[in-house]
Amino acid sequence: MKLALRTIEPVLVIDKSKKPWEMNGNKGVVYKVICHKKVEDEVQVEDIRITEEVYNEIKPMQKYHFAATIDVKNSRMEVYHAYPADTAEKGDTPEKGGTATPNTGKASASSK
């Protein structure tokens, strides 16, 4: 089962990476962002998997909100949409009928 998720608070994208892979005759590219979040005195830094479309649109050292899918079976999450935190603060998000669409990414889990 796949569930659609959205962040409530923005996260700071420190950097992004793409890494080619090959295994058992299959190959592809893994896209990730390195994100930072501080809650009170606790600092959290995580690699988060993203789509190629998000990779091409996102800029390091900016705050973003994410929309993602998580596969419950294997706990694998992938961000398919990111929008700048300053846009979300203005209420101009796609979910509210706004035009803040820096990338389209993959279809959401709710449309699959």
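The values are calculated or read from the model by the stated rules, or taken from the named source; none is laboratory data. Quick caveat: nothing in here was measured; it's all calculated off a predicted structure. Backbone-built Cβ (ideal geometry, glycine too); neighbour counts: all protein chains shown. Side chains are part of the model used for accessible areas, which takes the heavy atoms of the whole protein and leaves out ligands, DNA and RNA. Shrake-Rupley method; radii C 1.70, N 1.55, O 1.52, S 1.80 Å.
Summary table
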| read-out | value |
| --- | --- |
| Tabulated pairs, segment 13-24, first under 22 Å from residue 82 (Cβ atoms) and among the acidic types (Asp, Glu), second at pLDDT 95 or above and open to solvent by less than 100 Å² (accessible area, probe 1.4 Å), C-beta under 8 angstrom, 6+ apart or interchain | 15/33; 15/34; 15/60 |
| Residue list for segment 72-84, restricted to those being in contact (Cβ under 8 Å) with a residue 24 or more places away in the chain and either under 15 Å from residue 49 (Cα atoms) or open to solvent by less than 40 Å² (accessible area, probe 1.4 Å) (or both) | 76, 77, 78, 79, 80, 81, 82 |
| Of residues in segment 85-104 being open to solvent by 40 Å² or more (accessible area, probe 1.4 Å) and not in a loop (DSSP other than H, G, I, E, B), the one modelled with the highest pLDDT | 86 |
| Members of segment 27-58 found to be assigned to a strand (DSSP E or B), among the acidic types (Asp, Glu) and either out of contact with any strand residue (DSSP E or B) (no Cβ under 9 Å at 6 or more places or on another chain) or open to solvent by less than 70 Å² (accessible area, probe 1.4 Å) (or both), listed by number | 42 |
